[in-house]
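Take a look at the structure below.
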Amino acid sequence: AGRISVGRNEDSKQGYLFFETMNTWEATPWLALHLNPKLAWSGNGTPWGVGLAANIQLGQSFQLIPEVNLVASDEGGTNGSNGSLALRWLASSSTAVDVYVSNASGIYDLGQLLGNDQVRVGARLAFSF
């Protein structure tokens, strides 16, 4: 799978294009490994990196998801590389709730290539249809 997104900063009017491929290998029925190359283009540089993650099935309804984004370019600043840890509750076949801790600037798109000095805690509700 892949994802392409575009965006623009409201203050500077600087735009960006983000591209990511999502590659998953189901090693066992309880472990899936992910290798996700990521690249962004903007007037401020071209940060790129790779995301390494796993989905570890903890039971019928829970998964532990560790992830690290290794940023190879310095546009992400000294805090470019970052990591996250999430606990996913599979509430139904179409609904999941994640509780996570991360030092990435964001959990989607360009934010994955930018680190943060502070650790954030958050939640995400996902629906599939």
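Scanning the range 74-88 turns up no residue that is surrounded by 16 or more Cβ atoms within 10 Å (Cβ to Cβ) and β-branched (Val, Ile, Thr).
Residue under question is residue 61, and the condition is that it be in contact with a strand residue (DSSP E or B) (Cβ under 8 Å, 6 or more places away or on another chain), at pLDDT below 95 and loosely packed, with under 14 Cβ neighbours inside 10 Å; does it hold? In short, no.
Pairs are defined by a Cβ separation below 7 Å, a sequence spacing of at least 6 or placement on different chains, a first member in the range 59-70 that is over 14 Å from residue 99 (Cβ atoms), and a second member that is at pLDDT below 95 and open to solvent by 50 Å² or more (accessible area, probe 1.4 Å); the pairs so defined are 69/81; 70/81. Just checking, does the range 85-95 include any residue being in contact with a His (Cβ under 7 Å, 6 or more places away or on another chain), part of a strand (DSSP E or B) and at pLDDT 90 or above? No, the range 85-95 contains no residue that is in contact with a His (Cβ under 7 Å, 6 or more places away or on another chain), part of a strand (DSSP E or B) and at pLDDT 90 or above. Residues in the range 1-36 that are of a type in the set (Asp, Glu) and open to solvent by 60 Å² or more (accessible area, probe 1.4 Å): 10, 11, 26. Filter the range 37-52 down to the residues that are open to solvent by less than 20 Å² (accessible area, probe 1.4 Å) and in contact with a Ser or Thr (Cβ under 9 Å, 6 or more places away or on another chain) and list them by number. Listed by number, the residues that qualify are 38, 40, 45, 47, 49.
The values are calculated or read from the model by the stated rules, or taken from the named source; none is laboratory data. For clarity, every value in this text was computed on a predicted model and none was experimentally measured. Cβ: placed from backbone, ideal geometry, glycine included. Neighbour counts: every protein chain shown. Quick note on the areas: whole protein, heavy atoms, side chains included, nothing else; ligands and nucleic acids left out. Shrake-Rupley method; radii C 1.70, N 1.55, O 1.52, S 1.80 Å.
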